[in-house]
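Data first, discussion second: the structure below is written as C-alpha cells.
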Amino acid sequence: MGKSKPKVTRAVEVPPAPTDNETIDVNSFIQSLPEDKRSMAERVIIGIAESKVYQGPIPPPEDFREYEAVLPGASKEILGMAKSQQGHRIEMEKRIVDHEIKSEDRGQLFGFILGVLCIVGALIASYTGNYRLSYFLATTTLLGAIGVFVLRKFPQLFGKKKEANDDLTPTQ
C-alpha cells in the first residue's frame with residue numbers, strides 16, 4: 001500500500017450572495033467565480049429558468065413593445081387576432097344560449113303534449129271502465145308535472161343546491 005497524499009484545499013473568495021430583494025447579473029456572477037467552480041455554477045443555473053405568465057390575448061406592454069421592435073406591425077396583428085378571438089367567443093356564446101333556449105322551449109312543448117295525451121288517455125280509460133289504468137295515467141301525469149315545478153322552485157329540498165344562474169339555465 002502506498003502512502004496517501006494529504007488533500008490540499010484552497011481558500012476561494014466567493015462574491016457575497018444577493019439579498020432577497022437584490023437582483024444580480026448571472027453572467028457576471030458566474031465569471032467572478034474561480035475556474036473550477038464555474039462549470040458547476042453554470043449547470044445549476046441552466047436548471048433554473050425564469051418564466052413570465054400573463055393571462056389574456058394581449059401580452060403586457062413591455063412584451064408588446066419588444067414584439068413591435070423585432071417585427072414592425074406585430075402589435076397591430078396581435079390586436080387584430082385578439083379582436084377576432086373575442087368576436088368568435090361572443091358568437092359561440094350567443095349560439096349556445098340560443099340553442100339552450102330552443103331546446104328548453106322544445107322540451108316544454110313535448111312535455112305539454114305528453115301531459116295532454118296522458119290525461120286524454122286517462123279519460124278514455126275511465127270512460128271504457130278501465131279505472132286502474134285511468135288512475136295510473138292521471139296520477140303519474142300529475143305527480144310528474146308537480147315534481148317538475150317543485151324541483152325548479154325548491155331544488156334544495158331534493159339535495160340540489162340552487163346556484164346563482166339556475167334561473168337562466170335549463171334544468172336537466
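Bear in mind that the values in this text are calculations on the coordinates, not laboratory data. It should be emphasised that the depicted structure is a prediction, and the values quoted were computed from it without experimental measurement. Note: ideal-geometry Cβ built from the backbone for every residue, glycine included; neighbour counts use all protein chains shown.
Brief remarks on what is shown
- Convex hull volume of the C-alpha atoms in the range 74-158, normalised per residue: 106 Å³.
- Virtual spin-label span in nm between Arg89 and Arg43, 7 Å along Cα→Cβ: 4.5 nm
- Fully extending the segment from Phe136 to Glu100 would add 9.7 nm, taking 0.36 nm per residue of separation and subtracting the current Cα-Cα distance.
- Rounded to whole Hz, the Karplus (6.51, -1.76, 1.60) HN-Hα couplings of the range 127-141, x for glycine and proline: 5, 7, x, 8, 5, 4, 5, 4, 4, 4, 5, 5, 5, 5, 5
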